[in-house]
1. Name the residues in the range 57-109 that are over 30 Å from PHE175 (Cβ atoms), of a type in the set (A, V, I, L, M, F, W, C) and not in a strand (DSSP E or B), would you?
2. Residue check: is ALA157 at pLDDT 90 or above and part of a loop (DSSP other than H, G, I, E, B)?
3. Going by what's in this entry, would VAL78 be described as within 16 Å of the chain's Cα centre (by Cα) and within 26 Å of LEU153 (Cα to Cα)?
4. Any idea how many residues of the range 101-126 are out of contact with any strand residue (DSSP E or B) (no Cβ under 8 Å at 6 or more places or on another chain) and at pLDDT below 90?
5. Report, ordered by the first and then the second residue, all pairs with beta carbons closer than 7 Å, sequence separation of six or more or different chains, a first member in the range 68-90 that is surrounded by fewer than 17 Cβ atoms within 10 Å (Cβ to Cβ), and a second member that is among the β-branched types (Val, Ile, Thr) and not in a strand (DSSP E or B).
6. Restricting to the range 127-149, name every residue that is out of contact with any strand residue (DSSP E or B) (no Cβ under 6 Å at 6 or more places or on another chain) and in a strand (DSSP E or B).
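The values are calculated or read from the model by the stated rules, or taken from the named source; none is laboratory data. As the structure is a prediction and not an experimental result, all values here were calculated from the model. Positions of Cβ are backbone-derived with ideal geometry, glycine not excepted, and every protein chain shown enters the neighbour counts.
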Amino acid sequence: MGAVFLAGNCALLFFMSRRFAWSIIIAGIIGAGLLFLPFITALELSDFKTRQKLLLVSMRSGEEFTISFIHSVNRRPVYDTLRVESDHLVIVRSRYDSFGAGMPDSSTDEGTFAVAKDGWLEWTVNRPVPDVTIRVGWTAEHMLHIRDRKIRLAELAEPGSAITMRVQNISIIDFLKGRFVK
């Protein structure tokens, strides 16, 4: 009777160890598959010509960031605010402290012009766009402001070259391959 009990337990252990091994294999396959699912929303900055990723920044839908630069004509600062949505960007507004060539000076069908309480001029448009391309200036000092970080665009690409910004949903693998900022 004891031998039958022992043999039965051995068979049960063998069956359970095979089941355990298959569970581990299946969990590993599922885990590996998750590495390739695009579930991280990121702002991607890439070279316009080569599409090489220069920077990936983890963002939440609805989160805003700013691009600042020195206006080429009046040599004054401009701050363009954009918002990340699930699959596109929204150009929210521009802020500047004096008029210059190409800077809005009144409200139109495209946007609203106002003077903010701090005296800065604001042009609000809330225009959805698939991407935004910026030519990195030689003297414009383009700067990306995200949360508490400031990133000089000239550190990502040579002045004179173009950088495209777009929203991407990326996988953990893409995250590990790219230059990623949290």
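1. Hits for the range 57-109 are VAL73, PHE99, ALA101, MET103.
2. In short, yes.
3. no
4. 4
5. Taking only residues 6 or more apart or on different chains, the pairs are ILE70/THR139.
6. ARG149 - this is the single residue of the range 127-149 that is out of contact with any strand residue (DSSP E or B) (no Cβ under 6 Å at 6 or more places or on another chain) and in a strand (DSSP E or B).
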